[in-house]
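The values are calculated or read from the model by the stated rules, or taken from the named source; none is laboratory data. None of the values given here were measured: they were computed from a predicted structure. In this analysis, Cβ positions are derived from the backbone assuming ideal geometry, glycine residues included, and neighbour counts consider all displayed protein chains. SASA here: full protein model, heavy atoms, side chains in, ligands and nucleic acids out. Shrake-Rupley method; radii C 1.70, N 1.55, O 1.52, S 1.80 Å.
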Amino acid sequence: MVDTAVPKGATPARVPFEIAPVNDPDYLRSILLSDASYSAYAIAHLEPGLFARCQWWRASSGRAQGLVLHTHGGLGPALVTFGDSPAVDAIFHIHPGPRLSFATFKTEHLPVIERHFMVSRKRVMQRMVVAEAGFRRVEKPAGDAVTIQLLRGTDISQINRLYSTEGGPASYSYRNIEEGVYYGVGVEGRLVSIAGTHVVSPVEKVAVVGNVFTHPRHRGRGWATLATSAVTEHLLKECANVLLTVETTNLSTVHLYEKLGYREECRLYETTVLRRQIFGALALFRRFLAGRRGAKRRSEVVIR
């Protein structure tokens, strides 16, 4: 952070931030790799096929720098934040993104996120990582009653049926499954547990495991660990680092991932956020003003 102390009773000086889109993967990679574990999801989106679905915005003012990623692939819109809080705030002032997004942000960015979005879950998460040398696979129990298999897009009906067990309908698509890596555990021919991915990038050598779920009547038997083990083993064949995120207070699940060789690297928030501006008209007007201020530099200038 670069915030400076302000004398009591004084009004903080307003700072102009220059905001511009970023379309250079090499430049982005040089920034993201400085905190690779936290940035894993964003790094994966440097993959050529995924990069086309992204918008990257940079804000700079003196020593304060910020970066926001908006993606439009996967299971829906997502955003990731980086850098100094005032710079991130300046970006969201005119580029808050879609009305609903799944957000990944550092703990120090929570006040900024809450200024622009309604946050559905304020539970600190821990990002865990495993490499091939530290991975410990889980073996399938002997016998034919339990199976573990790589799932394909053609399995989408039973996948959505399992994910929708505890609530509303699931909306995974054929494309979601084919672009990711999903393994399912079957008991007597019925899919009862699944683990998959949020993103996979063979080019960037990084993958993020997620979407782990077990049918309520089959929990406590190790099926989620077995499915996660299979996904992890598959990913490590082409990705140097495989990561996942889990709530810090969910000690039993943390322990299970540690048994597979995962270790904690950092802490963050991952949650669905709802943009406070219902229609986005105010952000559009702010973009107009910012564009006029930065017209000579072919950028946008926000004063915060």
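Per residue, how much accessible area does the chain have with a 1.4 Å probe, in Å²? Don't skip to the answer; put the middle values down first.
Values: 15150 Å² over 304 residues.
Using a 1.4 Å probe on heavy atoms only, each residue of the chain averages 50 Å².
Tally up the carbon and sulfur contribution to the accessible surface of the chain as a whole percent, 1.4 Å probe, everything protein left in place. Intermediate results must be reported in sequence, preceding the final value.
On the way: 7970 of 15150 Å².
The computed percentage sits at 53.
Can you show me the helix-derived [θ] at 222 nm for the chain, built from DSSP H runs with n ≥ 4 at -39,500 (n - 2.57) apiece and divided by the number of residues, rounded to the nearest 500.
Rounded to the nearest 500, the figure is -7500 deg cm²/dmol.
Rounded, prolate or oblate: which fits segment 89-196 when a ≥ b ≥ c are the square roots of the eigenvalues of the alpha-carbon gyration tensor, with rounded for a/c under 1.5 and prolate only if a/b beats b/c?
Values: a/c = 2.73, a/b = 1.81, b/c = 1.50.
Because a/c hits 1.5 or more and a/b exceeds b/c, segment 89-196 counts as prolate.
Given a 1.4 Å probe and heavy atoms of the protein chains only, how would you sort W56, W223, largest accessible area at the top? Let's see the in-between values first.
On the way: W56 5, W223 30 Å².
In descending accessible area the options line up as W223, W56.
Where in the chain lies the longest segment free of GluC sites (Glu not before Pro) that are both loop residues by DSSP (not H, G, I, E, B) and have at most 14 other Cβ atoms within 10 Å? Working shown, then result.
Working: sites that count: E139, E166, E188, E238.
That gives 1-138 as the longest site-free run.
Got a number for the accessible area of L289? Probe 1.4 Å, square angstrom, nearest 10.
60 Å²
Answer rounded, prolate or oblate for segment 14-130, using the Cα gyration tensor with square roots of eigenvalues a ≥ b ≥ c: rounded when a/c is under 1.5, else prolate when a/b is larger than b/c, else oblate.
Details: a/c = 1.31, a/b = 1.08, b/c = 1.21.
Rounded.
Could you please state, rounded to a whole Å, how far the C-alpha centre of segment 266-290 is from the C-alpha centre of segment 36-93?
Segment 266-290 and segment 36-93 have Cα centres spaced 13 Å from each other.
For segment 1-146, give the share of DSSP beta bridges that are antiparallel, in percent and rounded to the nearest 5; count only bridges with both residues there.
85 percent
Just by accessible area at a 1.4 angstrom probe, what is the order of V138, V301 from largest to smallest?
Working: V138 50, V301 10 Å².
The ordering from most to least exposed comes out as V138, V301.
I want to make sure I understand the PRE zone here: with the label point 7 angstrom from the Cα of K205 toward its beta carbon, which residues in segment 129-160 have backbone N atoms less than 14 Å away?
Label zone hits: 131-133.
Averaging over all projection directions, find the projected area of the Cα convex hull of the chain and quote it in nm² with one decimal place. Display every interim value, and only then the final one.
Working: hull surface 70.6 nm².
Approximately 17.7 nm², given one-decimal rounding.
Let me know the charge dipole size of segment 200-304 about its Cα centre in debye, to the nearest 20, where only the beta-carbon of Lys, Arg (+1) and Asp, Glu (-1) is charged. Provide the component values of the computation, followed by the final result.
Working: 18 positive and 9 negative charges, 198 e Å.
About 940 debye.
Would you mind telling me which residue in A142, A44, A131 has the biggest mean-square fluctuation in a Gaussian network model of the chain, where springs connect alpha carbons within a distance under 10 angstrom?
Result for the chain, Cα springs under 10 Å: A142 fluctuates most.
At 7 Å along the Cα-to-beta-carbon direction for both E108 and S37, put a label point, then send me their distance in nm to one decimal.
About 1.7 nm separates the two model spin labels.
Quick one: among R293, R161, R217, which has the greatest mean-square fluctuation in a GNM of the chain with alpha-carbon springs under 10 angstrom?
Looking only at R293, R161, R217, the largest GNM fluctuation is found for R217.
Name the residue, out of T225, T249, T271, whose mean-square fluctuation peaks in a Gaussian network model built on the chain with Cα pairs under 10 Å.
Taking springs between Cα atoms under 10 Å, the residue moving most is T249.
For the chain, what is the charge dipole size about the Cα centre, in debye to the nearest 20, if Lys and Arg each add +1 at the Cβ and Asp and Glu each add -1 at the Cβ? Write down the numbers at each step before the final one.
Numbers: 38 positive and 27 negative charges, 238 e Å.
Charge dipole, the chain, about its Cα centre: 1140 debye, nearest 20.
Please list, ordered by chain and number, the residues whose modelled amide H lies under 5 Å from the amide H of Q65; skip anything fewer than 5 residues away on the same chain.
Answer set, sorted by chain and number: D84.
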